[in-house]
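J.: Before I ask anything, here is the structure I am working with.
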Number of protein chains: 2
Amino acid sequence: MPTTLQDVAREAGVSAATASRALTGGTVSPSTRDAVRAVAERLGYRPNRAARGLITGRAGALGLVVPDLTNPFFADVAKGVAARARAADLPVFVTDTDEEAGLEVEAVASLRRGTDGLLLCSPRASDAALLDVADRATTVLLHRRVDGLPSVVADLADGTRQAVEHLRALGHRRIVYVPGRPSSWAGAQRDLGLAAATADGGVEVVRCPAVAPTFAGGVQAADLVLADGATAVLAYNDLVAVGLLTRAAARGVRVPDDLSVVGHDDTVATMGHPALTTVAVPQRRAGATAVDLLLRLVAAARASAAEPPCDTELTLPTHLVVRASTAEPARRRRP
Amino acid sequence: MPTTLQDVAREAGVSAATASRALTGGTVSPSTRDAVRAVAERLGYRPNRAARGLITGRAGALGLVVPDLTNPFFADVAKGVAARARAADLPVFVTDTDEEAGLEVEAVASLRRGTDGLLLCSPRASDAALLDVADRATTVLLHRRVDGLPSVVADLADGTRQAVEHLRALGHRRIVYVPGRPSSWAGAQRDLGLAAATADGGVEVVRCPAVAPTFAGGVQAADLVLADGATAVLAYNDLVAVGLLTRAAARGVRVPDDLSVVGHDDTVATMGHPALTTVAVPQRRAGATAVDLLLRLVAAARASAAEPPCDTELTLPTHLVVRASTAEPARRRRP
DNA sequence: TTGAAAGCGCTAACAT
DNA sequence: ATGTTAGCGCTTTCAA
């Protein structure tokens, strides 16, 4: 049986209320405060969050929903969230939804009651479902934006634009883009970037069929890309890009001499050979930032402030990291 | 304000007690049971876990402590845990301890109260600290064994033995082993495997200084390994092995021709070039198995059975996966 | 089969 | 500055 506040109070010779005040920073004389704290320490007292939550109305916990923990992108996000939440002394429930829209919604429903707020990486759920969720719980969207909902995203469109312009500057004129699963917010941002970068001509971007955003997806896409004859390829993420690299090497295609490859996210970019030029996204910082925003929203909701306390749609910058997988097209054929 | 049991009871025209029984499977007439359930469904009722926990004494949640979520090994473990816990309708608190022993202990202390049981991947904490923890909370150790505590591990010693014998069979006589951080359980298991495989001679294993179990650690270790002149290297894990591969390639050392490389864990083994021969460890299954065991222990603890309900020290098999990073030594020099 | 009442551990009025 | 009291939402005796 764990130590309760009663135990501490009895041992310290005060009432439970006083013990509570001493521990949580209420109005108590310094001497009793120290005495109670000493006893609590000695007894290894840990407050029962459930009981506290029952009365304060706050659960003292956060919830995080991600599509796939084994995707290094989301692992990084989770790490950023966990670090910041720990700093705020809030435990976090983590749910992995296996990239299924149904599970995303289900996870939110089951987490809502036990948490003060939810952090959602929900690439699959519909906007409507998200709006509905946000209506019932304090929510911050991560790496997705829905009008009117608090969110923290990275400027993916600009990252893609930077990537295309890098390739164009190198002299590439035809680029294959390998998309991830269709109709995701992140995919739409990439499209925006593509459109922006190709608007004034000089470079053509063709889309290959979408593949899973995994290493295997990249392997699968490689043959399609090579069949096209383009001199450069832009992958949905680093996992796909490394898959591309692997299959290209197996087929005797040299990177970057025969083909330039650009990844996205800067997760496993240095693991393949050659090291990938990629769009760096501050996942971990996004996770931490999202926790900060969520905490502010939770506080505002408690104070029943009608208006959100600050800007609630945050965009973090992205930047291209140039490594060894991109070069001028057909470099080797030059004198 | 979320729907409470009171709301459901009132709407269904029964008492809260009856509503509770109807929902949790107590003794009620089929008709009222269905009626109450229909109302609950219609109102979107979700029980308040905190309130329930207060009275039942069970929190209705599990806790998981891992050293690093961005290490694919632990990401896989977490995924296995999350999947099984979801099947049991139990949310799980996930804590990332940044590979710090102090945080591991701290995390356990703060999670203990809010959970029914803890899953611990704690490579850094001392045995004594773990024993102390297990004294106060239902606990299952993951990928670590401490005498007398429930645990789920993989047979790492046997995996290492298989790796060494593979290299010996290929003709290697001198192998460098790159350890991870010293004095971990996993490290000790590797040593056992090394000892077993070298007992009857024919092959010599030399240790290089320990490095961080990361890609960067592998890059760092590479030069030490190459200076040794051994024909094969056994890395602490795949991350280290891929780092080794990358640095070896940069220095013009060809794998497997000049150097054979064996990884461990089968996490990022196919991402580098060439694909790694590695020891496959069933991380995900271990996570799921650990949840099963923990649930059984929790149930037993509640029934105040003095004896554990089953075997509580589980070992999962490992096996070597041979890919392209190992070959006979100095193959190229042969006719 | 159902309802009334008690109480889990804690905090927030209110009283002192 | 401190104690007393009430009650958060739920389950579980105990009666009916």
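The values are calculated or read from the model by the stated rules, or taken from the named source; none is laboratory data. The structure displayed is predicted, hence computed values, not measured ones. All Cβ positions, even for glycine, are placed from backbone atoms using ideal geometry, and neighbour counts span all protein chains on display.
J.: For region A:21-34: of the residues being away from DNA strand D (no atom under 11 Å from the Cβ) and not aliphatic (A, V, I, L, M), which is nearest to the other protein chains (Cβ to nearest Cβ)?
T.: Within region A:21-34, the match that is nearest to the other protein chains (Cβ to nearest Cβ) is A:T24.
J.: A follow-up question, please. Could you please give the count of residues in region B:118-173 that are part of a helix (DSSP H, G or I), touching a His at 6+ places or on another chain (Cβ under 9 Å) and among the small types (G, A, S)?
T.: The qualifying residues number 2.
J.: In region A:124-143, is there at least one residue being free of Cβ contacts under 8 Å to residues at least 40 places away in the same chain, facing chain B (nearest Cβ under 10 Å) and among the aliphatic types (A, V, I, L, M)?
T.: yes
J.: Name every residue in region B:6-50 that is in contact with a Ser or Thr (Cβ under 9 Å, 6 or more places away or on another chain) and within 25 Å of A:A134 (Cβ to Cβ), in order of residue number.
T.: B:A40, B:L43, B:G44, B:Y45, B:R46, B:P47, B:N48
J.: Right, another one. Quick one: which helices (runs of 4 or more DSSP H) lie wholly within region B:1-117 and hold at least 2 residues that are of a type in the set (K, R) and over 30 Å from B:V240 (Cα atoms)?
T.: The helices (runs of 4 or more DSSP H) meeting that bar are B:30-43, B:49-56.
J.: Going by what's in this entry, would A:R37 be described as free of Cβ contacts under 8 Å to residues at least 12 places away in the same chain, more than 14 Å from every other protein chain (Cβ to nearest Cβ) and surrounded by fewer than 19 Cβ atoms within 10 Å (Cβ to Cβ)?
T.: no
J.: Output the number of residues of region B:62-90 satisfying the condition of being at pLDDT 95 or above and within 16 Å of DNA strand D (Cβ to nearest atom).
T.: 0
J.: Is it fair to say B:G57 is more than 8 Å from chain A (Cβ to nearest Cβ) and within 14 Å of DNA strand D (Cβ to nearest atom)?
T.: yes
J.: Can you tell me which residue among B:P67, B:P2 is within 30 Å of B:L120 (Cα to Cα) and away from DNA strand C (no atom under 13 Å from the Cβ)?
T.: From the options B:P67, B:P2, the qualifying one is B:P67.
J.: Would you point out which residue out of A:D258, A:D238, A:D292 is away from chain B (no Cβ under 13 Å), within 20 Å of the chain's Cα centre (by Cα) and of a type in the set (D, E, K, R)?
T.: Of A:D258, A:D238, A:D292, the one residue that is away from chain B (no Cβ under 13 Å), within 20 Å of the chain's Cα centre (by Cα) and of a type in the set (D, E, K, R) is A:D292.
J.: In the set A:R21, A:R37, A:R86, which member is away from DNA strand C (no atom under 12 Å from the Cβ) and more than 30 Å from B:V77 (Cα to Cα)?
T.: A:R37
Yes/no matrix, rows are residues, columns are (1) on the phi > 0 side of the Ramachandran plot; (2) surrounded by fewer than 17 Cβ atoms within 10 Å (Cβ to Cβ); (3) within 14 Å of another protein chain (Cβ to nearest Cβ); (4) within 11 Å of DNA strand D (Cβ to nearest atom):
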site: B:P2; (1), (2), (3), (4): no, yes, yes, yes
site: B:A12; (1), (2), (3), (4): no, no, no, no
site: B:A19; (1), (2), (3), (4): no, no, no, yes
site: B:E41; (1), (2), (3), (4): no, yes, yes, no
site: B:G44; (1), (2), (3), (4): yes, yes, yes, no
site: B:N48; (1), (2), (3), (4): no, no, yes, yes
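J.: Then there's this: Is it fair to say B:F93 is facing another protein chain (nearest Cβ under 10 Å), at pLDDT 95 or above, farther than 26 Å from B:G263 by Cα and surrounded by 20 or more Cβ atoms within 10 Å (Cβ to Cβ)?
T.: Spelling it out, B:F93 is indeed facing another protein chain (nearest Cβ under 10 Å), at pLDDT 95 or above, farther than 26 Å from B:G263 by Cα and surrounded by 20 or more Cβ atoms within 10 Å (Cβ to Cβ).
J.: Okay, next question. When you look at B:R112, is it charged (D, E, K, R) and in contact with a Gly (Cβ under 6 Å, 6 or more places away or on another chain), yes or no?
T.: It is false that B:R112 is charged (D, E, K, R) and in contact with a Gly (Cβ under 6 Å, 6 or more places away or on another chain).
J.: Further question on the same structure: Name every residue in region B:233-249 that is touching a Ser or Thr at 6+ places or on another chain (Cβ under 8 Å) and either acidic (D, E) or in contact (Cβ under 8 Å) with a residue 60 or more places away in the chain (or both), in order of residue number.
T.: Within region B:233-249, B:L234, B:N237, B:D238, B:L239, B:V240, B:A241, B:L245 meet the criteria.
J.: Here is a follow-up. B:V94 passes all but one of (1) under 22 Å from A:R112 (Cα atoms); (2) within 16 Å of DNA strand C (Cβ to nearest atom); which number fails?
T.: All conditions are met except number (2).
J.: Answer with yes or no whether A:R285 is under 27 Å from A:C121 (Cβ atoms) and within 17 Å of the chain's Cα centre (by Cα).
T.: Judged against the criteria, A:R285 is a match.
J.: Within region A:22-79, work out how many residues are under 30 Å from A:A137 (Cα atoms) and hydrophobic (A, V, I, L, M, F, W, C).
T.: Qualifying residue count for the region: 17.
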